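A.B. asks: Could you have a look at this structure, given as structure tokens, before my questions?
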Amino acid sequence: MELLEALDRAADGFSQRLRAAPDDAWTNPTPCTDWDVRALVAHVIGGNRLAVGILGGAPHEEVLGELQRLGVVVGDDIVGSYEQSAADQRAAFRRAGALDGTVNHVIGDIPAPMLLGFRVADLLVHSWDLARGLGVDDTLDPEVVEVVWAFASPLSGGMKASGRFGEGASRTLGEGAPLQDRVLDLHGRRP
């Protein structure tokens, strides 16, 4: 599976869980200890919007500043806000030439295909976080899990050092562990 298809499937997996959220679930805790369900969804929407902005050539500081200035990452319609941000992100990655150059990401200038991999991984892992926060099935799309593993496992040392993935990989799961568990563990989750 190519990364663009994985992006679609990861975004759809997040959407399916989000659309199933009961009205009283927004303050439920998630595995991301600093975020309840609403904050987790806001983070994902912000990530989608950041990707659109930097794919359009804007420096990440400018995009983040605009998101903070507006103060409206989610709005009143959280599901609609997510759906729009996901659609905008899909279109941005599919724009002619979008994957040819580099983008100015918070970690520095990176190849655009790396940003795509980051977004697929972010959507997939946060789908699990959302499922846990909502108390619903947390089984992830196994083909997207394989794509994320292939993309992220070579980056594992840098992921832990970045501090953006909790404690990073525990290194306690062997190759016999389910791949979903290894992907989640790599991203600082302890399934």
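A.B. asks: For Pro111, are the conditions met, namely being at pLDDT 90 or above and surrounded by 21 or more Cβ atoms within 10 Å (Cβ to Cβ)? Steps first, please.
C.D. replies: Values: at pLDDT 90 or above: yes; surrounded by 21 or more Cβ atoms within 10 Å (Cβ to Cβ): no.
In short, no.
A.B. asks: Still on this structure, I have one more. Taking the stretch 126-137 on its own, how many of its residues are within 10 Å of the chain's Cα centre (by Cα) and surrounded by fewer than 24 Cβ atoms within 10 Å (Cβ to Cβ)? Let's see the steps before the verdict.
C.D. replies: So the first thing to find is which residues in the stretch 126-137 are within 10 Å of the chain's Cα centre (by Cα), and the list is 126-127.
The next check asks that each one be surrounded by fewer than 24 Cβ atoms within 10 Å (Cβ to Cβ); those that pass are none.
Qualifying residue count for the region: 0.
A.B. asks: So is Val145 in contact with a helix residue (DSSP H, G or I) (Cβ under 7 Å, 6 or more places away or on another chain), without any contact (Cβ under 8 Å) to a residue 40 or more places away in the chain and under 22 Å from Leu18 (Cβ atoms) or not? Break it down into steps so the answer makes sense when it comes.
C.D. replies: Values: in contact with a helix residue (DSSP H, G or I) (Cβ under 7 Å, 6 or more places away or on another chain): yes; without any contact (Cβ under 8 Å) to a residue 40 or more places away in the chain: yes; under 22 Å from Leu18 (Cβ atoms): yes.
Yes.
A.B. asks: Select from the stretch 97-116 the residues that are outside any strand (DSSP E or B) and of a type in the set (A, V, I, L, M) and list them in ascending order.
C.D. replies: As a first pass, look at the stretch 97-116 and keep what is outside any strand (DSSP E or B): 97-101, 106-107, 112-116.
Selection gives Ala98, Leu99, Val106, Ile107, Ala112, Met114, Leu115, Leu116.
A.B. asks: Go through Val63, Val79, Val148 for me and flag whichever is more than 18 Å from Leu3 (Cβ to Cβ), β-branched (Val, Ile, Thr) and either buried (at least 19 other Cβ atoms within 10 Å of the Cβ) or under 15 Å from the mean Cα position of the chain (by Cα) (or both). I'd like the intermediate steps shown before the answer.
C.D. replies: Details: Val79 fails: either buried (at least 19 other Cβ atoms within 10 Å of the Cβ) or under 15 Å from the mean Cα position of the chain (by Cα) (or both); Val148 fails: more than 18 Å from Leu3 (Cβ to Cβ).
When all the criteria are applied, what remains is Val63.
A.B. asks: Does Ala11 qualify as being surrounded by fewer than 17 Cβ atoms within 10 Å (Cβ to Cβ), out of contact with any Ser or Thr (no Cβ under 7 Å at 6 or more places or on another chain) and under 27 Å from Arg190 (Cβ atoms)? Give the derivation first.
C.D. replies: Numbers: surrounded by fewer than 17 Cβ atoms within 10 Å (Cβ to Cβ): no; out of contact with any Ser or Thr (no Cβ under 7 Å at 6 or more places or on another chain): yes; under 27 Å from Arg190 (Cβ atoms): yes.
When the stated conditions are applied, Ala11 does not pass them.
A.B. asks: While we're here: Considering every residue within the stretch 8-20, establish whether at least one is within 21 Å of Val120 (Cβ to Cβ) and either of a type in the set (Phe, Trp, Tyr) or modelled with pLDDT under 95 (or both). Before the answer, list the steps.
C.D. replies: Keep residues of the stretch 8-20 that are within 21 Å of Val120 (Cβ to Cβ), which gives 8-19.
Next, only the ones that are either of a type in the set (Phe, Trp, Tyr) or modelled with pLDDT under 95 (or both) stay: 14.
Yes, some residue in the stretch 8-20 is within 21 Å of Val120 (Cβ to Cβ) and either of a type in the set (Phe, Trp, Tyr) or modelled with pLDDT under 95 (or both).
A.B. asks: Here's another thing I want to ask about it. Mind checking which pairs have a first residue in the stretch 74-96 that is under 20 Å from Arg9 (Cβ atoms) and assigned to a helix (DSSP H, G or I) and a second that is hydroxyl-bearing (Ser, Thr, Tyr) and modelled with pLDDT of 95 or more, Cβ under 9 Å, 6 or more apart or different chains?
C.D. replies: Partner pairs satisfying both residue conditions: Val79/Ser15; Tyr82/Ser15; Glu83/Ser15; Ala86/Ser15.
A.B. asks: Let me ask something else. Among the residues of the stretch 151-180 satisfying the criterion of being among the polar types (S, T, N, Q) and more than 18 Å from the chain's Cα centre (by Cα), which is modelled with the lowest pLDDT?
C.D. replies: At the first step, the residues of the stretch 151-180 found to be among the polar types (S, T, N, Q) are 153, 156, 162, 170, 172, 180.
Narrowing the set further to residues that are more than 18 Å from the chain's Cα centre (by Cα) leaves 170, 172.
On the way: Ser170: 71, Thr172: 81.
Restricting to residues being among the polar types (S, T, N, Q) and more than 18 Å from the chain's Cα centre (by Cα), the top hit is Ser170.
The values are calculated or read from the model by the stated rules, or taken from the named source; none is laboratory data. Values in this document were obtained by computation on a predicted structure and should not be read as measured data. For neighbour counting, all protein chains shown are included, and Cβ atoms are generated from backbone atoms with ideal geometry for every residue, glycine included.
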